Structures are given as C-alpha cells and as structure tokens.
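Here's the structure, in structure tokens; my notes come after.
The values are calculated or read from the model by the stated rules, or taken from the named source; none is laboratory data. Quick caveat: nothing in here was measured; it's all calculated off a predicted structure. Ideal geometry is used to build each Cβ from the backbone, glycine not excepted, and the neighbour counts take in all protein chains shown. Each accessible area value is taken on the protein alone, full model and side chains, heavy atoms only, with ligands, DNA and RNA left out. Shrake-Rupley method; radii C 1.70, N 1.55, O 1.52, S 1.80 Å.
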Amino acid sequence: MGGGAGEKPVLIRWEERDGQKVAIRHDGRLAAQLRPIRMEVGVLSNADGSALVEYGGTRVLAAVYGPREAHPRHMALPDRAVIRCRYHMAPFSTAERKTPAPTRREVELSKVIREALEAVVLTELFPRTAIDVYMEVLQSDGGTRTAAITAASLALADAGIAMRDLVAGVAVGKVDGVLVLDIDEIEDNYAEADMPVAMAPNLGKVLLLQLNGVLTHDEFVQAMELARKGIQTIYKLQKEALRRKYVEVVQEGGEQ
Amino acid sequence: MARIHVQSRSIVLPGDIIAEGNDIVVESPFIERKGNQYYATITGLVNVQQLENGKYKISIIPLEGAYIPKPGDIVIGLVKDIGLTHWEVDIASPYKGILTIQEVLDRPFNPAVDSLKKYLDVGDYIVAKVVAFDRARDPLLTIKGKGLGRIVEGSIVEIKPSRIPRVIGKKGSMVNMLMNESGCEIVVGQNGRILVNCPNKDLEEIVVLSIKKIEAEAHTTGLTERVREFIRREKARRGV
C-alpha cells in the first residue's frame, strides 16, 4: 500500500473520561479495541473446508482442498503432506482496481502464511499428498494478511485436517505515538509502525511476526501484549464459529 | 490422578484440551500430548471410557476428513484406468487403489494374448477389500472373496467418509435397522460410498434420504430412533 499522500486526517483524539485522558481513534474505537469481527465456516459447498472472516471492512474468504493427490507428482514428499497457499486480492477489493496477476506482495504473503500453517498442521499424518489453501481478499481495509490466516485456519479445521491448534492473527500499529490494536487502512497509511502477529494461542507459539516501521523495545513488548490479548478474543470467536456449524444442524434436525 | 476436561460424546475442536494427568490411554492419531496434557487436533466427537484398572481411555471419532485406507476395509471403487497387469481404482481417497490381475483371476494371465478390459472396464464400480497399505505405497485391493467384485445392480450413494461409522452404528445397529425397515440390501464402503439395492424405486429413495439424514446429523444423539421414525413415516406417506 502507498504511504500517506495528501493531508493527514486526525487519527487520534484525546478525551476526558472519568478524569483520565483517553485516546479515541478516528472510527470511535479505543486503542485496545478490535473492529467488529464476524466469522462463518462451511460457506462453500464445493471445497472440503471453507470460511469467511470479516474484521470490520476487511473481508476474506478461504477454501481448503485436501489432503488430495499431489499434482505435479514430483512435488509430493514421501513422509508428509505439502501445504500450498495462495493469498490473492480480488481486483475489486481495493479502492482502485488491482490487476488480478499475483504481485510480489501477494507471493510473499502466500509464503509467510504457508510457513505459519506448516507449524500447526500435522502433515506427517498424510504422506505423499497435498493440502491446498486458497485465500481470496474480497474487500480490503487493512489487516488482510491476519484476517486471511484466521480464515485459513478455520477452513482447515472445517476440512477435518489435523492441527495442533487454530491460528489467529491481528495487527498492532503505532498511530500518532499511541499503540493501537487491529489497525485499518487509513491508520496503516499514516502509521509510524504496523506489526501483524499470528499465534497459536493454546501452544503459546508466535507463528507470524512482521514489523513495518519503528518501535522502541518497550513499545514492542507492549505491542506484543496488546496483540496477544486481541488474538485470545479472536481465538474464542473462531471456536464459537466452528461449534455453531454443528449446533445449527441440531436445530434443523430437531424440527422434523 | 487424571482429570477429564470434556464430556463424553461432546464435540472437540483442534487445540481443545481433553484430559490432564497420568493413567490415560490414547486411542487415536488425532490426540496430541504436550507435557501431561492431551489435546484434540481435529473436529470430532470425543469418547471417554473408564477402564477396569481405573485408567481412562480417550479417543476421537473425526466428523470431517478424507478417507485413509486401512488393511481389511471394504471399499467401493470406480475403475479409472487400465494398465498392463493392473487397474487403477478411484476409492475417494488421497491415495488411488491398485487392483492387480492376480487379485481378480485365479488362473495365469498372459498380457500378450489377453486383455484386462474383458474383466473390468473403465467406469465399472467394484466392491473391493484393502489388502495392504503402508503409507509409502498406494493401497492394494482385492476382489476375491464373498460379496466382493463388480457391481451389476443397485445405486451408489456418496457421503463424507468420516460419517461412515455413524451409518454403520454400534455393532452395525444403524445399517441393520435400515435393511430391516426398508427390505433393501446395503453394502457400506469405508470410503464413503454406499451401495443400495432395493426392490423398488420408492424404497430406494427413502433409503438414500435416510443416509443423507444420517450424514447431516451424525454428531447428534438418538439418531437411530429418529431415522427409524423417518423411514416409517415416509413409507406410510408413499404407501409402500
């Protein structure tokens, strides 16, 4: 994404609340507040597993196929499954049309997401096969890589692929000197720093950590703590979304 | 002392903690141990059983997932390709089945004179048994044995392979009930394909709908009774 062109909007307002100065963000959120998050699994009938994840205006669809026979055959590994990831932004997902061809950024994100997923999927259970993960950004408003990884892990769980834990991601940023959770497009454009984080909360592992900009050591520690809290919340929503799929069937079954 | 964190027959998700402590016997590849905690790695129904010696046995029946062959499984396959001395069979799995000529014919076979096409052609469905599968090679099939061979009549219903244990039921309770109530002949393949052979079209439709119902509601309790009721109601409605 390009840097902040034009006049900089007011991103942080300081308000008095209960005798304390509180930072309010341009969309009315507090510094440590997530955007409204919506998740749904099993949205595609042709894929083995699928999920739709929304972080505010960011909307990502993920589909998983496999484990299936690896094509081309020489890609297959004798002792485990290969994971293939494709992170892609739809041409209509941004304010200005994006060319549909994969950009350098998309190739890189596909790789970092694949590496994050490889750490949790039990690939050794399915030797000589391939697991394909497709992530399509339908609408972009910042934090698409973390929304994509959250969606991918839900889709994998929906496809019945063995994983040590679910993966949840969120980005932390520094806007006007304030550390904020789950930054959106405008904040990202004018931010001093942007740090996407993905974790496997139950394993206590960090699976993806990128940092764009400058943070001091103390700020980094605080930012990680902020991300961890956000990820815990997202993780709970993920589990709810997966459970909901089966609860709905029970209700349908009860009608008859 | 072992602590069990879940109720038996409840749904677990990847990363959910199932049990903690010693005296736990794990009977599933889908449970991981970290320290002395046991985690689920797949979406499924958990089973907790207290053994006579006071230990707990925990296992997971997956609710989703592909079919992984196991020696001894009965599968329903579709012949996809013919080689010189073997057939390649699609068994709805990440691994394709191999059926060699020795597992079909009792007599010696000369590929120069005889053609495999005479016995099984592309597009034929077969009921086969998995003889060997060791993860390094593709599963070997056989059609020698009672009830195995080319399928000549009936229809095939395809469902998720992970729902097959529910279609069979405890010691075959569900499939036996289906056969008794409908009078149809049913062969259940472990790979998610079910062969249904009925005296008439109406009964076949009822059985197919029942199987689809089992697939959709596999994780619920009291399913056998609900399906029995469903069949009786449908039979009365259609007058068969």
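Would you check if A:Val41 is within 16 Å of A:Glu136 (Cβ to Cβ), among the β-branched types (Val, Ile, Thr) and modelled with pLDDT of 95 or more? When the stated conditions are applied, A:Val41 passes them.
Within the range B:17-39, being facing chain A (nearest Cβ under 9 Å) and within 18 Å of A:Leu125 (Cβ to Cβ) holds for B:Pro29, B:Phe30, B:Glu32, B:Lys34, B:Tyr39. Taken together, the residues in the range A:192-250 that are assigned to a strand (DSSP E or B) and within 24 Å of A:Val175 (Cα to Cα) amount to 12. For the range B:79-97, the candidate set comprises residues that are outside any loop (DSSP other than H, G, I, E, B) and open to solvent by 30 Å² or more (accessible area, probe 1.4 Å); within that set, the residue that is nearest to B:Pro161 (Cα to Cα) is B:Asp90. Can you find, within the range B:40-71, the residue that is least open to solvent (accessible area, probe 1.4 Å) among those that are more than 8 Å from every other protein chain (Cβ to nearest Cβ) and charged (D, E, K, R)? Once the filter is applied, the top-ranked residue is B:Lys57. Only a single item in (1) without any contact (Cβ under 8 Å) to a residue 40 or more places away in the chain; (2) within 14 Å of chain B (Cβ to nearest Cβ); (3) touching a strand residue (DSSP E or B) at 6+ places or on another chain (Cβ under 9 Å) is not met by A:Arg228, and it is number (2). In this entry, B:Thr100 passes the filter for residues that are out of contact with any Pro (no Cβ under 7 Å at 6 or more places or on another chain), away from chain A (no Cβ under 13 Å), surrounded by fewer than 18 Cβ atoms within 10 Å (Cβ to Cβ) and among the polar types (S, T, N, Q). Close Cβ contacts (under 9 Å, 6 or more residues apart or on different chains) running from residues in the range B:211-240 that are within 13 Å of chain A (Cβ to nearest Cβ) and in contact (Cβ under 8 Å) with a residue 60 or more places away in the chain to residues that are surrounded by fewer than 15 Cβ atoms within 10 Å (Cβ to Cβ) and of a type in the set (D, E, K, R) comprise B:His219/B:Arg9; B:Thr221/B:Arg9. With respect to the conditions (1) within 14 Å of chain A (Cβ to nearest Cβ); (2) farther than 22 Å from B:Tyr95 by Cβ; (3) in contact (Cβ under 8 Å) with a residue 40 or more places away in the chain, B:Lys160 lacks only one, and its number is (2).
Residues checked against (1) open to solvent by 20 Å² or more (accessible area, probe 1.4 Å); (2) in contact with a Cys (Cβ under 7 Å, 6 or more places away or on another chain); (3) not in a loop (DSSP other than H, G, I, E, B):
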site: B:Asp121; (1), (2), (3): yes, no, no
site: B:Val130; (1), (2), (3): no, no, yes
site: B:Ser173; (1), (2), (3): yes, no, yes
site: B:Asn176; (1), (2), (3): yes, no, yes
site: B:Met179; (1), (2), (3): yes, no, yes
site: B:Ile194; (1), (2), (3): no, no, yes
site: B:Glu205; (1), (2), (3): yes, no, yes
site: B:Glu215; (1), (2), (3): yes, no, yes
site: B:Glu229; (1), (2), (3): yes, no, yes
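Would you mind stating whether A:Ala147 is within 14 Å of another protein chain (Cβ to nearest Cβ) and either buried (at least 24 other Cβ atoms within 10 Å of the Cβ) or among the acidic types (Asp, Glu) (or both)? So A:Ala147 fails the test.
Each row is one residue, and each column tells you yes or no for (1) under 21 Å from B:His219 (Cα atoms); (2) touching a Phe, Trp or Tyr at 6+ places or on another chain (Cβ under 7 Å); (3) modelled with pLDDT of 90 or more; (4) not in a loop (DSSP other than H, G, I, E, B).
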| position | (1), (2), (3), (4) |
| --- | --- |
| B:Asn22 | no, no, no, no |
| B:Ser28 | yes, no, yes, no |
| B:Arg33 | no, no, yes, yes |
| B:Tyr38 | no, no, yes, yes |
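Can you say whether A:Gly169 is surrounded by 24 or more Cβ atoms within 10 Å (Cβ to Cβ), more than 13 Å from the chain's Cα centre (by Cα) and either under 26 Å from B:Glu64 (Cβ atoms) or free of Cβ contacts under 8 Å to residues at least 60 places away in the same chain (or both), as far as the supplied structure shows?
Working: surrounded by 24 or more Cβ atoms within 10 Å (Cβ to Cβ): yes; more than 13 Å from the chain's Cα centre (by Cα): no; either under 26 Å from B:Glu64 (Cβ atoms) or free of Cβ contacts under 8 Å to residues at least 60 places away in the same chain (or both): yes.
The answer is no for A:Gly169.
Just wondering, is there one or more residues in the range A:151-163 that are in contact (Cβ under 8 Å) with a residue 12 or more places away in the chain, open to solvent by 10 Å² or more (accessible area, probe 1.4 Å), in a strand (DSSP E or B) and among the aliphatic types (A, V, I, L, M)? Within the range A:151-163 (the criterion being in contact (Cβ under 8 Å) with a residue 12 or more places away in the chain, open to solvent by 10 Å² or more (accessible area, probe 1.4 Å), in a strand (DSSP E or B) and among the aliphatic types (A, V, I, L, M)), the answer is no, since none of the residues qualifies. Looking at the range A:35-129, the strands (runs of 3 or more DSSP E) lying wholly inside it that each contain 2 or more residues that are within 12 Å of chain B (Cβ to nearest Cβ) sit at A:49-55, A:58-69.
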